[in-house]
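Presented below is the structure to which this report refers.
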Amino acid sequence: MDKTLLTSAEFWNDLSSAVPGVPELAGHVLFKTSGSTGVPRSVAISKQALLVSAAAVNDHLGVTRSSSWGLVLPLYHVGGFGVAARAYEAGSQLHEFGMRWVPSLFREWIETSKVSHTSLVPTQVYDLVKENLKAPDGLRAIVVGGGHLDPILGQVARDLGWPVLASYGMTEASSQIATQGLDSLQRPYQSERIPILPIWDVKASEDDLLSISGTALFSGYASGKIFTPLESFWFQTSDRVSLVNREIKLLGRADFQVKILGELVDLEAIERELVQLSQGEFMANHFAVVAIPDERAGSLLVPVFESHVRRDNVKSVLLSYEKKAFGFQRLQPAVFVEKLPRSVLGKLRRDELVTICRASIIRLP
């Protein structure tokens, strides 16, 4: 889709159906989910919901007509589409990067286009830090979505002048649910507590699963010409959270927990512990822990590293981890791959990684 179309009233006022012959999808846009597991589905979001979300984010980040949104993420993803919607809602300029991702070219583009606000994924922030690029003047906010930005990496980015803001969102929420404010740039980077946008009502179940309700919520799922509407004003996510004073702390995904020898193990918690034990040597972008099905234990935990990660560091950190880990938390020998399988937006494809690991592990008698 042409980004210029998304900044025109003609598009936003067009209430024709997203799928011909399906009247329920009039005035809707369809997005495929970008989840880490499972088969992608098309999420139907009304244009009105997208603009509600856009207005909330603009207000939260101080966007005005004189601001300039920079479009880096693809428009077929709600993160990129949301950037265009925000530019339209604010009446501000929209500049499109429109090139293959190269950190130095991105920095130059930000400066020459005078972009004030943009959205990136953690992998792109990592690339900026790796090349030690300093941010140009005039850039006010980078909303980081599509995954968790490691706190050490986030702080280094801020030290280089990149105004990274932790966020939490999903396709079903028209993009953002919670986003740090500009005031957080005056404090050390953290992603523990993220302010919830005022358009959302939130609650957590006894199992800490988050549910959301609000006018920016999606309408339902579409598959071909079959539309399945959302049956409630509330949508329960697969994310485990802690909610305190309208701030959200992510505890991990329910589908990233596995049973091993009868004990519940959180894969993301182990990944965070390995990052801490490495004292910043490991970047979350370049390793993961996956669960391989096992008849006896239920699952085996396998740490997987990209090939450029130093093997002596891996050995040292894994030894430190083994000294304190319970039996059901023990890790198998590390597997090394050239690149972790990821989506276009950098999300880890855990299902593909499990397949790779199963082929790499040789089971001894």
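A short reminder: the numbers here are calculations on the coordinates, not readings from a lab. Because the structure is a prediction, the values reported are computed rather than measured. Note: ideal-geometry Cβ built from the backbone for every residue, glycine included; neighbour counts use all protein chains shown.
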Once LYS114 and SER223 are pulled to full extension, the length gained, defined as 0.36 nm per residue separation minus their Cα-Cα distance, is 35.2 nm
Under 20 Å between C-alpha atoms, the lysine pairs in region 261-360 lying 8 or more places apart or on different chains count 4
Relative contact order in percent for region 158-199 (Cα pairs under 8 Å, 6+ apart) equals 37
Expressed in angstrom and rounded, the centroid-to-centroid distance over alpha carbons for region 208-263 and region 109-142 is 30
The answer for the longest stretch of the chain without any exposed chymotrypsin sites (Phe, Trp or Tyr not before Pro) (DSSP loop, at most 16 further Cβ atoms within 10 Å) is 102-232
The lysines whose Cα lies under 18 Å from the Cα of LYS134, excluding any fewer than 8 residues away in the same chain, are LYS114
Gyration tensor on Cα atoms of region 214-264, a ≥ b ≥ c root eigenvalues, a/c under 1.5 rounded, else prolate if a/b beats b/c, else oblate, says oblate
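How high is the relative contact order of region 195-265, in percent, with contacts defined as C-alpha pairs under 8 Å that are six or more residues apart? If you can, show how the numbers build up before the last one.
Values: 100 pairs, mean separation 19.0, N = 71.
Relative contact order of region 195-265: 27 percent.
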Residue-normalised 222 nm signal for the chain, counting each DSSP H run of n ≥ 4 as -39,500 (n - 2.57), nearest 500 deg cm²/dmol, is -8000 deg cm²/dmol
Residues of region 220-244 with backbone N under 16 Å of the label point set 7 Å from the Cα of LYS259 along Cα→Cβ are none
Once normalised by the length of region 5-254, the mean sequence separation of its alpha carbon contacts under 8 Å that are 6 or more apart gives a contact order in percent of 17
So for region 261-360, using the alpha carbon gyration tensor with a ≥ b ≥ c as root eigenvalues (a/c under 1.5 gives rounded; past that, a/b versus b/c decides prolate or oblate), I'd call it oblate
